[in-house]
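Report on the structure given below.
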Ligand SMILES: C[S@@+](CC[C@H](N)C(=O)[O-])C[C@H]1O[C@@H](n2cnc3c(N)ncnc32)[C@H](O)[C@@H]1O
């Protein structure tokens, strides 16, 4: 850890992300959290939507859209257009097929691509949206620069992410991030600085780490009590053991106030 309490960054690449989400990990996260793969599910999507000011004529870009659960929810509830961007083919294909099945393809579409090089022209969207996924991104400065570029002037960035909230020894930090394949966690202050440096005005920020710790316990109980047998019979004891061990490390770190989650809303100047 350096003098700013930042942990060493780990060498995860987009290839590592693809490998994970092409495999059973996406299914395991869905089993734990639902098809909206973020803490708090639909309720959290609603809170973020209200704070972002989404309405029928909004054009939303969901960066790291995974199975597209939030994108479909927003289109269904508000009638807005949503484009999902995700770097993993399996997630994009699954999102497209579920969207077709739900009859929402006129409003919701998906594109395969990297959040660090967003494949859309400047000023395309009213809202750039992200939920609990930017912790996978290797360069948060570049991500927010890209978000700013694709937003129209006055557009809104609205996101939640897992963050570092306390001091950690490098070994502890490395274990937590290795389990999740996160290159590093941003801090709330770090996100505020990057937003300001990239011509955003911060409208709202909230540290939701106590709620995050509570949810970590909920997910741990679900893993141990509801999902254990199914995971062992589908994927084997080794995978279950690794999941249980990794999640337990997050439960402990969240209880100790070292990791958490934040919500940030900003406006492009
Ligand atoms: C936890 S899931 C996202 C959950 C989703 N936001 C939701 O609320 O349902 C993480 C997703 O991020 C995607 N991802 C990670 N790094 C990415 C990158 N650099 N560019 C685009 N997608 C990325 C992964 O492929 C994966 O589908």
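Please treat every number below as a calculation from the coordinates, not as lab data. Keep in mind that what you see is a predicted model, and the values were worked out from it rather than measured. Glycine gets a Cβ as well: all are built from the backbone with ideal geometry, and neighbour counts include every protein chain shown.
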Below 8 Å between Cα atoms, with a sequence gap of 6+, how large is the relative contact order for the stretch 49-130 in percent? 37 percent
So if I take the centroid of the Cα atoms in the stretch 75-124 and the same for the stretch 168-244, what is the distance between those two points in Å? 24 Å
With -39,500 (n - 2.57) per DSSP H segment of 4 or more residues and division by the full residue count of the chain, the 222 nm estimate, nearest 500 deg cm²/dmol, is -14500 deg cm²/dmol
When only C-alpha pairs under 8 Å and at least 6 residues apart count, what is the relative contact order of the stretch 203-269, in percent? 61 percent
Binned Cα-Cα distance frequencies in the stretch 1-136 - 5 Å width, integer %: 2, 10, 20, 23, 20, 13, 8, 3, 2, 1, 0
List 94, 141 from most exposed to least, where exposure is judged by having the fewest other Cβ atoms within 10 Å. 141, 94
Cα gyration tensor shape of the stretch 85-176, rounded if a/c is under 1.5, else prolate or oblate by comparing a/b with b/c: oblate
By how many nm would the segment from residue 207 to residue 235 grow when fully extended, if each residue of separation counts as 0.36 nm and the alpha-carbon distance is taken off? 6.5 nm
Tell me the relative contact order for the chain as a rounded percent, counting alpha carbon contacts under 8 Å between residues six or more apart. 21 percent
Most mobile of 238, 146, 22 per a Gaussian network model of the chain (Cα springs, under 10 Å)? 238
With the cut-off at 1.5 for a/c, could you classify the stretch 161-217 from its C-alpha gyration tensor as rounded, prolate or oblate? oblate
Could you put 29, 129 in order, starting from the residue whose Cβ has the fewest other Cβ atoms within 10 Å? 29, 129
Between residue 50 and residue 170, what's the calculated FRET efficiency when r is the beta-carbon distance and R0 is 45 Å? Round to 0.05. 0.70
Quick calc: nm separation of the 7 Å Cα→Cβ label points for residue 152 and residue 193 -> 3.4 nm
Obtain the nm distance between the two label points defined at residue 179 and residue 117 by a simple spin-label model: each point lies 7 Å from its Cα along the Cα-to-C-beta direction. 3.3 nm
First check a/c for the chain, with a ≥ b ≥ c the square roots of the eigenvalues of its C-alpha gyration tensor; if it is under 1.5, answer rounded, and if not, answer prolate when a/b is larger than b/c or oblate otherwise. oblate
